[in-house]
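**Q** Have a look at the structure that comes next, please.
The values are calculated or read from the model by the stated rules, or taken from the named source; none is laboratory data. Note that the coordinates shown come from a computational prediction; the quantities given were computed from them, not determined experimentally. Heads up, the Cβs are rebuilt from the backbone with ideal geometry, glycines too, and the neighbour counts pull from every protein chain shown. Keep in mind that these areas ignore ligands, DNA and RNA; they rest on the heavy atoms of the full protein, side chains included. Shrake-Rupley method; radii C 1.70, N 1.55, O 1.52, S 1.80 Å.
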Amino acid sequence: MLPQRNGLPAQAAEIPYASLSLRMGGMQGLAVMGAQVGGHSYWPLADGMMLALHGGGLYATSGLEQDLMATHYPDSILPWQLETPARFQLVRHWRNAEGELERGVAQGTLECAEAEPTRLPLGERLLQRCVQHLQWQHGPSQRSKLWRDPHDFTLWAVDERPWPGAPRIHWQVARHWWE
């Protein structure tokens, strides 16, 4: 994770590698992808922290006080890759602040608006703003925002709390890593 200097857009333009503008917990800066294996991408951060994405969406974190251990969609289709409105189920495992492992199951819906110009670190892109509603079996409901390409449904930005009470994670693609 590179701390922001001289403005994020200029910094992202200097780096020819896949990168994300990222706010996670108390960290903020430019993350450069460390590895990609299949549909997973791994983003090493400062102090041994890591962000993992699957299919472009949040999969896991490492090194936070509360970590997301894994994300699973039992129907095997990632919700942002569906026509909307869409319904889906989400299963997440995390470690809470006391170090205990927890499992949460949520029923979700995703609704996307018409595409509109959206500012990203390296310029504007025509994206759909989507709202993801999650109703947890044993907890409150929550809402996240996702921005996706209207043609191939790839994610370009996400602003979410992975589970109720989780630290907020917000990222935007600076330089993409897919073809």
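**Q** Counting only residues that are of a type outside the set (A, V, I, L, M, F, W, C) and open to solvent by less than 60 Å² (accessible area, probe 1.4 Å), which one in the stretch 70-80 is farthest from Arg95 (Cα to Cα)? Give the derivation first.
**A** Pass one, the stretch 70-80, residues of a type outside the set (A, V, I, L, M, F, W, C): 71-76, 79.
Adding the requirement that they be open to solvent by less than 60 Å² (accessible area, probe 1.4 Å) leaves 71, 73-74, 79.
Numbers: Thr71: 13, Tyr73: 19, Pro74: 21, Pro79: 24 Å.
Looking at residues that are of a type outside the set (A, V, I, L, M, F, W, C) and open to solvent by less than 60 Å² (accessible area, probe 1.4 Å), I get Pro79.
**Q** On the given criteria, is Arg125 basic (Lys, Arg) and within 14 Å of the chain's Cα centre (by Cα)?
**A** Working: basic (Lys, Arg): yes; within 14 Å of the chain's Cα centre (by Cα): no.
No; evaluated as a whole, the condition is false for this residue.
**Q** Related question: Within the stretch 18-57, how many residues turn out to be outside any loop (DSSP other than H, G, I, E, B) and among the small types (Gly, Ala, Ser)?
**A** Going through the stretch 18-57 one residue at a time, the tally reaches 10.
**Q** Please go through the stretch 138-179 and pick out each residue that is out of contact with any strand residue (DSSP E or B) (no Cβ under 6 Å at 6 or more places or on another chain), among the charged types (D, E, K, R) and farther than 19 Å from Leu64 by Cβ.
**A** Asp149, Asp152, Glu179
**Q** When only residues in the stretch 28-42 that are at pLDDT below 95 and touching a Leu at 6+ places or on another chain (Cβ under 6 Å) count, which is surrounded by the most Cβ atoms within 10 Å (Cβ to Cβ)?
**A** Here the answer is Ala31.
**Q** Kindly provide the set of residues from the stretch 53-69 that are under 20 Å from Ala97 (Cα atoms), surrounded by 18 or more Cβ atoms within 10 Å (Cβ to Cβ) and aliphatic (A, V, I, L, M), ordered by number.
**A** Pass one, the stretch 53-69, residues under 20 Å from Ala97 (Cα atoms): 58-69.
From what is left, the residues that are surrounded by 18 or more Cβ atoms within 10 Å (Cβ to Cβ) are 58-61, 64, 66-68.
Listed by number, the residues that qualify are Leu58, Ala60, Leu64, Leu68.
**Q** Can you confirm whether the stretch 148-160 contains a residue that is among the basic types (Lys, Arg) and open to solvent by less than 20 Å² (accessible area, probe 1.4 Å)?
**A** Taking the stretch 148-160 and keeping what is among the basic types (Lys, Arg), we get 148.
Now restrict to residues that are open to solvent by less than 20 Å² (accessible area, probe 1.4 Å): 148.
Taking every residue of the stretch 148-160 in turn, at least one turns out to be among the basic types (Lys, Arg) and open to solvent by less than 20 Å² (accessible area, probe 1.4 Å).
Let's see how each residue does on (1) part of a strand (DSSP E or B); (2) open to solvent by less than 30 Å² (accessible area, probe 1.4 Å); (3) modelled with pLDDT under 95:
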residue: Glu83; (1), (2), (3): no, no, yes
residue: Val91; (1), (2), (3): yes, yes, no
residue: Val105; (1), (2), (3): yes, yes, no
residue: Leu110; (1), (2), (3): yes, yes, no
residue: Thr118; (1), (2), (3): yes, yes, no
residue: Arg125; (1), (2), (3): yes, no, no
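**Q** For the structure I just gave you, tell me whether Arg87 is farther than 26 Å from Gly29 by Cα, basic (Lys, Arg) and open to solvent by 70 Å² or more (accessible area, probe 1.4 Å). I'd like the intermediate steps shown before the answer.
**A** Details: farther than 26 Å from Gly29 by Cα: yes; basic (Lys, Arg): yes; open to solvent by 70 Å² or more (accessible area, probe 1.4 Å): yes.
It is true that Arg87 is farther than 26 Å from Gly29 by Cα, basic (Lys, Arg) and open to solvent by 70 Å² or more (accessible area, probe 1.4 Å).
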